[in-house]
1. On a 0 to 90 degree scale, rounded to 10, what angle separates helix B:2-20 from the longest Cα axis of chain B?
2. Relative to the longest principal Cα axis of chain B, at what angle does helix B:99-112 sit, 0 to 90 degrees, rounded to 10?
3. Counting Lys +1, Arg +1, Asp -1, Glu -1, what net charge surrounds B:Val52 among other residues with beta carbon under 14 Å of its beta carbon?
4. When the C-alpha atoms of chain B are aligned to their principal axes, what extent does each axis show, in angstrom, from largest down?
5. Using a 1.4 Å probe and counting only protein heavy atoms, how much accessible surface gets buried when A and B come together, both sides summed, in Å² to the nearest 100?
6. Just to confirm, what accessible area per residue do you get for the protein assembly as shown at 1.4 Å probe, in whole Å²?
7. For chain B, with all protein chains present and a 1.4 Å probe, just round the carbon and sulfur fraction of the accessible area to a whole percent.
8. Leaving out same-chain residues fewer than 8 places away, which lysines sit with a Cα under 27 Å from that of A:Lys58?
Amino acid sequence: MSAQEKYVSILELANQNGTTYELTEGDNGTLVVTGTAPSAEAKQALWDEYERLDPEFKGGDLILNIQTAEAAAAGGGMHTHTVESGDSLSKIAKGYGIQWKAIWDHNRDILKDPDKIYPGQELKIPM
Amino acid sequence: MRIKFLTVLSIAIALFIGACGGKSDADLAKAINDKFAADKITGVTVAVKDGVATLTGEVADAAAKSKAETAAKGVEGIKSVTNSLTTKPLPVATPAAADPALTGKITEDLKKAGCTGANVSVASGKVTVTGEVGAAKYAECVQVIMQSGITGIDNQLKKGK
């Protein structure tokens with residue numbers, strides 16, 4: 001049985017509760033469901049159904065990547081990194097596999113100097 | 001004119017019922033096609049023989065396949081449905097970012113969600129999760145990982161107390 005058939009009830013639920021989704025095939029036949037739910041409740045309903053079918057999500061054959069419409073509108077492909085004590089732009093950049101200048105370019109509105117960042121600051125990380 | 005039309009129609013129906021003792025296969029196929037049109041189900045070819053409907057064609061996904069079968073079964077006079085629909089081949093998923101970037105993003109997201117016991121490593125977009133988190137946090141931590149744009153998962157995360 002394909003992953004689609006195994007998890008068909010999640011897809012049916014998504015169609016009912018107004019979640020839009022796209023299906024792709026990931027690693028070794030993994031079904032990747034990428035979508036946007038109209039509300040946090042709708043998203044939770046999908047996760048509840050997933051949990052019912054696979055209580056500890058250990059099957060490895062489904063990746064449920066559902067954002068709420070609200071988060072999708074706000075996020076726009078940026079990730080937020082909260083600065084911790086000991087962080088530097090180059091250290092943070094290394095952690096994400098990008099150049100420090102990319103972080104600098106996206107955060108000039110809150111940073112005055114690339115060498116001066118402070119714990120608690122929220123930096124936008126281009127992904 | 002209207003009365004004449006109705007009379008002709010009633011005679012036709014009476015004759016039809018007398019002759020067939022029920023709906024013909026062609027009528028059943030039409031009823032299914034009408035139902036599909038109403039439910040916005042497209043790409044399905046219907047054949048009915050002796051009250052058994054066979055559905056062929058290619059639909060978007062398993063949910064669409066199941067929906068078509070349920071709709072056909074709901075048509076009065078259909079004895080059973082043979083669902084031979086196929087689903088579209090899926091495009092290959094591409095990871096949202098390179099492995100180090102994904103690792104960094106997931107690690108940071110897990111930290112924010114309070115999933116401190118979970119460890120991740122990413123290779124070619126596939127994440128391996130190890131460690132242990134409390135039962136109350138478990139589902140949330142898995143959600144965080146799956147929402148990061150990965151394309152595979154080996155979930156060895158333990159569900160603690």
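The values are calculated or read from the model by the stated rules, or taken from the named source; none is laboratory data. Treat the numbers as computed from the prediction; the structure is a model and nothing was measured. Heads up, the Cβs are rebuilt from the backbone with ideal geometry, glycines too, and the neighbour counts pull from every protein chain shown. Remember, those area values only see protein heavy atoms, side chains included, never the ligands or the DNA or RNA. Shrake-Rupley method; radii C 1.70, N 1.55, O 1.52, S 1.80 Å.
1. Helix B:2-20 sits at roughly 80 degrees to that axis.
2. Helix B:99-112 sits roughly 90 degrees off the main axis of chain B.
3. On the way: positive: B:Lys23, B:Lys49, B:Lys73, B:Lys79; negative: B:Asp25, B:Asp50, B:Glu69.
Here the count lands on +1.
4. Answer, in whole Å and largest first: 80, 33, 31 Å.
5. On the way: alone 8200 and 10300 Å², together 15470 Å².
Separately minus together, A and B give about 3000 Å² buried.
6. Numbers: 15470 Å² over 288 residues.
That works out to 54 Å² per residue.
7. Values: 5210 of 8760 Å².
About 59 percent, which is the carbon plus sulfur part of the accessible surface.
8. The qualifying lysines are A:Lys6, A:Lys43, B:Lys65, B:Lys88, B:Lys105, B:Lys111, B:Lys112, B:Lys126, B:Lys137, B:Lys158, B:Lys159, B:Lys161.
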